[in-house]
Each structure stands twice: as C-alpha cells, then as structure tokens.
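The block underneath contains the structure these notes are about, expressed in structure tokens.
The values are calculated or read from the model by the stated rules, or taken from the named source; none is laboratory data. None of the values given here were measured: they were computed from a predicted structure. Note: ideal-geometry Cβ built from the backbone for every residue, glycine included; neighbour counts use all protein chains shown.
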Amino acid sequence: MQHVAVSIPMVRGLSPVRARALWLGFLATLLVLAQAVMVQARSDSFAPLVERVSPAVVNITTTTLVEGRPGFEGIVPKGSPFEDFFKDFQDRNGGENRPRRSTALGSGFMISEDGYVVTNNHVIDGADEISIEFLDGRKIKAKVVGTDKTTDIALLKVEADKPLPFVSFGDSDTARVGDWVIAVGNPLGQGFSVSAGIVSARNRALSGVYDDFIQTDAAINRGNSGGPLFNMEGEVIGVNTAILSPNGGSIGIGFSMASNVVSRVVDQLKQFGETRRGWLGVRIQDVTEDVADAIGLDKVSGALVTDVPDGPAKEAGIEAGDVILSFDGIEVKDTRSLVRIVGNTEVGKTVRVVVFRDGGTQTFKVTLGRREEAEAAGPRDGGAKPEATPKEVLGMTLVPMNDELRGQLGLGKDAQGLVIMDIDESSQAFEKGLRAGDVITEAGQQKVRTLRELQKRIDEARDAGRKSILLLVRRGGEPRFVALALQD
C-alpha cells in the first residue's frame, strides 16, 4: 500500500496541536456543507405527490361474454384412448359451446368531478360491463362515452352522489428528456401501484398516424394500460399505452400517448361522442435529398403530394408533384407533421396552404373536410393513358400502356403511362424499389404516356442541370415519387 503524507498548514502563534484541531474542524464543516448540498440536489420524496394524485386514479375491470371453449380436438390426438374420456367430461359439464364470462383489468384516471374517466380503448374494447374501483375501495359501474382506435383512447362516465377527485392534463410539449415522471395504475392486477422514472425520449411513433408517444423507463406492465403518467407538478402528461419487451414484462421501455394529443381527442369525444379530424385529401410522401434536387427545392422539408383524389385539395387546385411547405401558417417539416397538423384542425375551416411548384411558391385556400367521413367512403382512385415496342431507359425496360396490359395489371380502362416490363437488378431503379409491373405516370412532374415523352422529360432535366429526374410510379393503384440519377 502506498502512503501519502499530508502536511497541515501552520498558523503563526498557534501550537501544532491547536493548528491541527482548527484544520480538522474546518474539514468537518466542509463535509457537513457538502452533505447538505447533496441532500438539496437530490429529488424530494414522491410521497406527497402520490398522496395527492392517487385518489383520482382508478382500477378498471371489464367483463365480456364469450363463446365456450373449443372442443377437445387439439387437446388429444384423434383416435386417442383419451378421446372418449374428454367427450364424456364435456357432456357432463354442459357441452363445449356454453358461453362464459371473460374478465380483463386495466387502469384509468378521473378528469372531472362529475365523473369523466380516461383510459385506453383496448382496455374496454368489446366489454359488456365496465367497473371502476377507487383507492378507497368504492366500485362504480361505468358507461362508454366514445372511443378513438387511432390513438387508443376511450372516454368513460360514472355517476356518483358527490364530487369525485380528479387530475388535470399538463402540457406534454414542455416535458424534457431527463425530467422525473411517475406512473400510477394497476399492474398485473396488483392494485394501486406507483413506479418512478424519467422521460427517456420524446415524439416516438409506433404505428398510428397521430402517434406522439413519450418514452419512459418508469415501470409499465400489463394492467398499467390507460393509467396516467404524471410530471412533478401532478399533471397528466401521458396515458400509459404500450411497452417494448421480448418477454411481456417491463424492461424499461414504455410508451405514453402525449397529453396534448389525448386532451384534443377527449374534448371531441365529450362533445360529439366521436372524433372529428380535418381532412385535406392528398396522398403524400417525405421529401428526400434526391427528390429535392430533382425538383429544384432548396431545403429537404415539406410533404410531397403523390396523388390528389376528389376532395378539398383537388377543389382548391393542389396537384400531384406539389410540395406542401406550410399549412395554416405552420411550417410543414415532413409527412408526419402535416398529418398531425391537418388532423388537429377544425373540420370546415378554410386554411392557406403554401406549395412549391415549378420553381416557386403558390398559395391555395382549402376548406377542410372530415377525415372519418372520407375513410368511410373508401379509397378514391387517381387516374393516369398509349404505343408499343419496348425500350430500355435508366435500367428499366418500358412499354406504353395498352388494353392487354390494363387487363393483366387489373387497371381501369383509363389507366395510362409506361409499364415496367423488366428491370436491371444492378440499376438504381431496382435499388429504389421499382419492379416489373409498376407503372410510370409522370416524369419531371409532367404526365408521360409515350417513350418519346419520357425521353423529352429526361432531356429537359439534363438541359436544366438536374442530376436526377423525378418519376411518379404507381403500384396497385398506390402512387409514390422516386428520383433516379440521370446517366451521362
């Protein structure tokens, strides 16, 4: 062991013993101050916060009448000596198709003293009976006010003879990565339980078009679904919805739908019993660097319009190939941001939409429709029209559309464009996902029906100094833009 000598400074007029005592006292004072600073830096106990918010958190129990268990087939092999035994057992117990009740558990929270409860849609979906239990043991039957499968949110209502405890939504946009949060709920049916963690990430998307999840390492398990995620002010900034786990248990990756999404949905469910989201009426894709270069766009941002079926955008004059840069005064960063902005806008509102077209910007006034009505009406087809003799262009063997090809591809009689008959697997077109059977309907944001028209578009792009050309490609009726590098 290495020994280190520490010299003690001498103070004039004091003996070595007295100087040592003073020095040790000084060190002790420093230690006490350091401990005080550490205690101050540590977060206070969560107990006061938990005591304040827990009365508004509820356990949710649902029961559903389901068909009886399946027959013994699959339990024992056919012809097995146990086959008769299982059949006799089922006969004695009333047969195999007798209905039975299935029970499920979840969490929720009160948002008003008059009995509105928020939870996940998947917690109550298909339930015949819903019961909520408060922290003090009270149980009350609940009814469904409205649900939204898109965000997995449900609004319930209970009737009580006195005001109920409730919590309020906070502003989820102010939550920062690293902030403390607590989750309260009914994990694995264990009753009221609290877990603490931090905000691990923001703006996570899982599978929905309106997803805005807060990721947290606060333990979330089965049964926590529908429960609240609180900030340190006791405000709900998320609804615990999903976990990422290889084994079904918490591994520290949980997702809570952001309160700013939930509160809008809840307001609409409370007012209308359903959601009413704005609808622009366009199909879109993200702008990539090669797409931006192909159309002369300075910045890789916005939403590229691939198709404009009958609807608000078409009536206003927006066209395929336009890049939406701004919607109702809000900058559009990508397709996800446009979908969210439009969905959060009031149905019937007239908004200004700024698009990039032909090297400049244009502004259109669009009166929004309702997304739910458009989806209920089904997909709208966007069209696209003729020659023969295949030709290889940019690694693709192309032929103009004809009646025979329309029949083979299952397209309408008005379908037009150039059909990819074959494709070089070493070409960029193949790397970008183009395949035989795809139909090219536009090049350089202009319709193409013949190989001559396509070649003209390519020559124009080269003359303009473009490094790539933008193609509108349809597969099974679904359009997308692909930018291909121009060969020298």
Qualifying positions in the stretch 186-196 - on the phi < 0 side of the Ramachandran plot and in contact with a strand residue (DSSP E or B) (Cβ under 8 Å, 6 or more places away or on another chain) = Asn186, Pro187, Phe192, Ser193, Val194, Ser195, Ala196
ask   = Residues in the stretch 219-230: is at least one buried (at least 23 other Cβ atoms within 10 Å of the Cβ), within 14 Å of the chain's Cα centre (by Cα) and of a type in the set (Val, Ile, Thr)?
value = no
Count of residues meeting criterion [assigned to a strand (DSSP E or B) and surrounded by fewer than 20 Cβ atoms within 10 Å (Cβ to Cβ)] in the stretch 170-189 = 1
ask   = Can you name every residue in the stretch 102-123 that is closer than 13 Å to Thr63 by Cβ and surrounded by fewer than 24 Cβ atoms within 10 Å (Cβ to Cβ)?
value = Ser102, Thr103, Ala104, Leu105
key: Residues that are hydroxyl-bearing (Ser, Thr, Tyr) and touching a Gly at 6+ places or on another chain (Cβ under 8 Å), drawn from the stretch 414-461   = Ser426, Ser427, Thr441
message = Can you pull out every residue in the stretch 128-144 that is crowded, with 20+ Cβ neighbours inside 10 Å and either in contact with a Pro (Cβ under 9 Å, 6 or more places away or on another chain) or more than 23 Å from Ser54 (Cα to Cα) (or both)?
response = Phe134
task = Restrict the check to the stretch 375-382 and report whether at least one residue is closer than 28 Å to Ala303 by Cβ and at pLDDT 80 or above.
result = yes
key: Hits in the stretch 189-210 - residues which are more than 15 Å from Val50 (Cβ to Cβ) and in contact with a helix residue (DSSP H, G or I) (Cβ under 8 Å, 6 or more places away or on another chain)   = Ala205, Val209, Tyr210
query = For Phe356, are the conditions met, namely being more than 24 Å from the chain's Cα centre (by Cα) and among the aromatic types (Phe, Trp, Tyr)?
reply = yes
request  = Check the stretch 151-164 and report whether any residue there is in contact with a Gly (Cβ under 6 Å, 6 or more places away or on another chain), part of a strand (DSSP E or B) and closer than 14 Å to Val262 by Cα.
outcome  = yes
message = Restricting to the stretch 126-143, and then to whatever is hydrophobic (A, V, I, L, M, F, W, C) and out of contact with any helix residue (DSSP H, G or I) (no Cβ under 6 Å at 6 or more places or on another chain), can you tell me which residue is modelled with the lowest pLDDT?
response = Ala127
query = Restricting attention to the stretch 148-177, and to residues there that are small (Gly, Ala, Ser) and over 19 Å from the mean Cα position of the chain (by Cα), which single residue is nearest to Ser54 (Cα to Cα)?
reply = Ser168
request  = Report whether or not Asp136 is in contact with a Gly (Cβ under 6 Å, 6 or more places away or on another chain) and under 25 Å from Ala47 (Cβ atoms).
outcome  = no
query = Tally time: how many residues in the stretch 431-457 are of a type in the set (Asp, Glu) and under 18 Å from Lys467 (Cβ atoms)?
reply = 1
key: Residue list for the stretch 476-485, restricted to those being part of a loop (DSSP other than H, G, I, E, B) and surrounded by 15 or more Cβ atoms within 10 Å (Cβ to Cβ)   = Gly477
